[in-house]
Amino acid sequence: MEANYSKFNRVCQIIEENGFDKSKLIPILQAVQNEYRYLPEEILAFIASSLNISPARVYGVATFFAHFTLKPKGKYIIKVCDGTACHVKKSRGLIDAVKNKLGLKDGEHTTKDMLFTLETVSCLGACGLAPVLLMNEEVHGQVTPDKVVKLIDAVIKQEEAR
């Protein structure tokens with residue numbers, strides 16, 4: 001139960017830092033998502049109550065903007081570009097390699113240990129580096145299935161050393 005209170009304590013701090021100002025809903029949601037890597041439903045309801053606005057309004061904002069997510073994401077988000085240039089350079093092979101390495105079945109995007117999330121995006125704006133992927137904020141160009149597996153292995157090794 002204590003962990004639940006601490007979850008709401010951090011949300012209270014974020015709301016307080018924004019002066020309980022309902023016009024700052026988007027920055028509040030951004031800060032909460034940065035903290036938890038997604039927007040939990042119970043926290044959305046808590047934010048609505050704290051700002052004295054309807055839960056529907058908070059939910060509407062959270063679902064309108066593609067930046068926000070209502071599903072938990074891993075610590076490392078792998079975005080594989082499948083735009084035209086990357087697709088022609090066989091980005092599907094990268095997606096398959098990531099799925100196989102992480103043991104993700106059809107419809108799964110996040111590993112059970114919450115370490116990795118795989119997303120397919122239409123363009124990362126780095127067509128000259130095709131095929132390209134983004135791991136968190138780091139761009140990796142001219143990636144092969146072998147390279148992506150080595151990249152994931154390096155992250156796993158780094159995490160195990162912590």
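The values are calculated or read from the model by the stated rules, or taken from the named source; none is laboratory data. Model, not experiment: these values are computed from the prediction. Neighbour counts run over all protein chains shown; Cβ positions are idealised from the backbone, glycine included.
Can you tell me which residue is modelled with the highest pLDDT among those in the range 38-74 that are surrounded by fewer than 17 Cβ atoms within 10 Å (Cβ to Cβ) and basic (Lys, Arg)?
Arg57
Which condition number in (1) within 19 Å of Met135 (Cα to Cα); (2) modelled with pLDDT under 95; (3) in the same structural domain as Lys157 (by TED's automatic domain parsing) is the one that Gly107 fails?
The failed condition is (1).
Which members of the range 142-162 meet the condition of being surrounded by fewer than 13 Cβ atoms within 10 Å (Cβ to Cβ) and part of a loop (DSSP other than H, G, I, E, B)?
Scanning the range 142-162 gives Gln142, Arg162.
How many residues, within the range 77-119, are part of a loop (DSSP other than H, G, I, E, B) and either free of Cβ contacts under 8 Å to residues at least 24 places away in the same chain or not polar (S, T, N, Q) (or both)?
The number of residues fulfilling the criteria is 15.
Identify, please: which residue in the range 120-134 is outside any loop (DSSP other than H, G, I, E, B) and over 18 Å from the mean Cα position of the chain (by Cα) and is, among those, nearest to Glu160 (Cα to Cα)?
The extreme case among them is Leu129.
For the range 125-151, name all the residues that are over 23 Å from Tyr36 (Cβ atoms) and touching a Lys or Arg at 6+ places or on another chain (Cβ under 7 Å).
Listed by number, the residues that qualify are Ala130, Pro131, Leu133, Val149.
When the range 87-110 is examined, which residues are found to be crowded, with 17+ Cβ neighbours inside 10 Å and either in contact with a strand residue (DSSP E or B) (Cβ under 8 Å, 6 or more places away or on another chain) or aromatic (Phe, Trp, Tyr) (or both)?
Those that are crowded, with 17+ Cβ neighbours inside 10 Å and either in contact with a strand residue (DSSP E or B) (Cβ under 8 Å, 6 or more places away or on another chain) or aromatic (Phe, Trp, Tyr) (or both): Ser91, Leu94, Ile95, Val98, Leu102, Leu104, His109, Thr110.
Check whether at least one residue in the range 54-73 is part of a loop (DSSP other than H, G, I, E, B) and at positive phi, and report yes or no.
So far as the range 54-73 goes, no, none of its residues is part of a loop (DSSP other than H, G, I, E, B) and at positive phi.
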